[in-house]
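Enquirer: Would you mind keeping the following structure in view while I ask a few things?
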Amino acid sequence: MANDMTSAAPELVQCPVCFKDFKPTTINGHLDVCLLQIGTNNSPSTTDESGPPLKKSRITAGAAPPSPSDNKPAASSSSMASSPSHAVFSLFQSNKGKVSVQSERSGLLSSKQTTGTAVNKGVKRSFPNEEEPGPAGTDSQASGSNGQTLKTFRDLSPRTLLTINKPLADILRPNTLEEYFGQNKVVGQETLFRSLLESQEIPSMILWGPPGCGKTTLAHIIASTSKKKGTARFVPLSATSASTNDVREVIKQAQNELRLCKRKTILFIDEIHRFNKSQQDTFLPHVECGTITLIGATTENPSFQVNAALLSRCRVLVLEKLSVEAMGSILDRALAALGIRVLERDPANPKDQEQSNGHEPKIFIEQKALDTIAFLCDGDARVGLNSLQLAVQAQVNLAQSKPLGQDGSQDVLVKEEHIKEGLQRSHILYDKAGEEHYNCISALHKSMRGSDENASLYWMGRMLEGGEDPLYVARRMVRFASEDVGLADPAALPQAVAAFQACHFIGMPECEVILAQCAVYLARAPKSVQIYMAYANVKASLRNHKGPLPPVPLHLRNAPTRLMKQLGYAKGYKYNPAFSGPVEQEYLPEELRGTDFFTWTPSDS
């Protein structure tokens, strides 16, 4: 048999378990069967779920592979339980156990085993027509070998979904693009990204958008689609907890996967901006050569937080803040999953009868309450769904403490005040250290420049209510008073300086009205940029000058010593106070005589 293997065609791939040769298109399917048969002769559908398969004894190239038709008794549950946990070929196991396929099966579903369902606890590779379980938190079905499926979140009752110790935003995470709302510009019909996803040609990309807009969800949809078609392996990591060694381990596995099984690896890095520049450099050669397809998610501007070399190898998809209409669709989908009826719509719901038979309260919600969530969550789906879950759970628990009605159940009504109580105040998106910080201060500056006092107050309020340092706002106003008001109203600068000092003395929240007064004063003041433009022309003149800078004229130089006087320092200088009228005297170097920096432009040089 060894001789036959050595004479095999070069395009064949050798199975690392039974050492047979297979075509690259069939090796994945064979590995599934081969790995499942380790330690037992039964079919994969009869694999015992109580423990991993027995570790296969080492065989040589000359030894015959195990035959599925041999009639050997299956290993007992006790013997299987005592076998080593790494019972599959070590190539597909993480050396340190930090990044493994097992991590994809973690969560609530992995702890609930269905009686009679055969699930191999070793590393399971998928056939093209088989769906692998998605990352933790998705609701994709994990199929067992006998065709039975594990219970998913969608199979649970609304009461269970409400009481489960898991955020609603994670439970109801969409698994298909049809359930993904609010990003039609990126993943809508006939968009480039959607066509690439349908053809499974996923490029390396950076998903950039505010919190709760669907970056992680979109990555999970890519993972689910890839696993259904068996075209790629999906590995999720978070930059907040993963190290460079974890990334290198995934890359090593991706190289083996690509070389032996011809299957790509999609590496998803959440919060990729948390990786420093040297850590991001780890991805460069492997993204360049196609070993991994990198998908990074970030709330920060990639231009500032992602290496330029890595950014040039990735497409940047900009996800927008969710609109009120998109939030309404997301909330409607959540209500349907939870069996909650909108009081004004009163739609027929098939789960109502199940609730009534179980003596569970029927849950209603006011339309005004839904509108309040959609408006106050500020485009953050995570905040919206979790706020809904909090309000409903609170009212259900309150109803349980009250006596039951005549029919053995009691209706629950979630009102607008219940939602506001949970949110407390509007969810304001403002990152003092991120791009939103610069966006808001730019909007404030331009509003004052445009003499729009209402917009000036609004943007200043956005910053202060979001937690911005009032002294920072005051410093920007001092700059504005000189840059944009300037000589048109010389009193603007003392006004801004006084506002800064007042904020320094009393602090927030008392100083907010002082800043408001200063902002309105600057917005109403006449504007002049003569000083700003003149000095900008001076800087341009200095930068554009060719050759050595001209020396200071001798008559303008001070002459404190005899030697300097002998050299001509201060010779011919006219002391202005000694003359009753204007003095004709040159103060610029000879090369710049006659230059008016208020009208001069660099092109004139």
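The values are calculated or read from the model by the stated rules, or taken from the named source; none is laboratory data. What you see is a predicted model; the values in this text were computed from it and never measured. All Cβ positions, glycine included, derive from the backbone under ideal geometry; neighbour counts span all protein chains shown. All accessible areas refer to the heavy atoms of the entire protein, side chains included, with ligands and DNA or RNA removed. Shrake-Rupley method; radii C 1.70, N 1.55, O 1.52, S 1.80 Å.
Enquirer: Ignoring ligands, DNA and RNA, what percent of the 1.4 Å accessible area of region 514-553 is carbon and sulfur?
Expert: Numbers: 1590 of 2530 Å².
Roughly 63 percent, rounded to a whole number.
Enquirer: Please sort by residue number the GluC sites (Glu not before Pro) in region 192-278 whose DSSP state is loop and whose Cβ has at most 15 other Cβ atoms within 10 Å. Could you put the intermediate results ahead of the total?
Expert: Details: sites: Glu198, Glu201, Glu249, Glu257, Glu271; in loops: Glu201, Glu271.
The qualifying sites are Glu201.
Enquirer: What list of ³J(HN,Hα) couplings, whole Hz, do you get for region 25-30 from phi and the Karplus terms 6.51, -1.76, 1.60, once you set θ to phi - 60° and write x for glycine and proline?
Expert: Each residue's phi maps through the Karplus curve to give 6, 10, 5, 4, x, 5 Hz.
Enquirer: Among Val497, Val13, what's the order by accessible area (1.4 angstrom probe), most exposed first?
Expert: Numbers: Val497 55, Val13 15 Å².
Ranked list, largest accessible area first: Val497, Val13.
Enquirer: Ok, one more. Rounded to the nearest 10 Å², what accessible area does Met533 show when all protein chains are kept and the probe is 1.4 Å?
Expert: My reading of the accessible area for Met533 is about 90 Å².
Enquirer: Could I ask something else about it? Zone of Leu413 (label point 7 Å along Cα→Cβ, backbone N under 12 Å): which residues in region 316-345?
Expert: Residues 343-344 fall inside that zone.
Enquirer: Amide H to amide H under 5 Å from Leu413: which residues, 5+ apart in sequence or cross-chain, H placed 1.01 Å off N in plane?
Expert: So Leu413 has HN proximity to Phe364.
Enquirer: Convert each backbone phi in region 487-494 into a coupling constant with the Karplus relation 6.51 cos²θ - 1.76 cosθ + 1.60 (shift: θ = phi - 60°), then list the ³J(HN,Hα) values in order as whole Hz, x for Gly and Pro.
Expert: Result, rounded to whole Hz: 6, 5, 8, x, 6, 5, 5, x.
Enquirer: While we're here: Rounded to the nearest angstrom and ordered from largest down, what semi-axes does the equivalent ellipsoid of region 477-605 get from its C-alpha gyration tensor (root of 5λ)? Working shown, then result.
Expert: Numbers: eigenvalues 338, 81, 46 Å².
Semi-axis lengths for region 477-605 are 41, 20, 15 Å.
Enquirer: Please list, in chain and number order, the residues 5+ apart from Gly296 or on another chain whose amide H is under 5 Å from its amide H, with Hs placed from the backbone.
Expert: Met205, Ile206, Leu207, Ile269
Enquirer: Return the sequence-ordered ³J(HN,Hα) values of region 234-240 in whole Hz as given by the Karplus equation 6.51 cos²θ - 1.76 cosθ + 1.60 applied to θ = phi - 60°, using x for Gly and Pro.
Expert: For region 234-240, the Karplus curve yields 10, 10, x, 9, 10, 5, 6 Hz.
Enquirer: Over region 444-502, with the other protein chains present, what is the accessible area per residue in square angstrom, probe 1.4 angstrom?
Expert: Details: 2650 Å² over 59 residues.
Value returned for region 444-502: 45 Å² of accessible area per residue.
Enquirer: So how exposed is Ile202, as accessible area in Å² (1.4 Å probe, rounded to 10)?
Expert: Ile202 exposes around 20 Å² with every protein chain in place.
Enquirer: I would also like to ask the following. Hey, can you grab everything whose amide H is under 5 Å from the amide H of Phe234? Only 5+ residues off in sequence or another chain; H modelled, so Pro and N-termini drop out.
Expert: The answer is Ile266.
Enquirer: Please report the accessible area of Thr240 (heavy atoms, 1.4 Å probe, ligands and nucleic acids excluded) in Å², nearest 10.
Expert: Rounded to the nearest 10, the figure is 90 Å².
Enquirer: How much length is gained on full extension from Val318 to Arg593, taking 0.36 nm per residue of separation minus their Cα-Cα distance? Before the final figure, lay out each step's value.
Expert: On the way: separation 275, 0.36 × 275 = 99.00 nm, distance 5.21 nm.
Result for the pair: 93.8 nm of gain on full extension.
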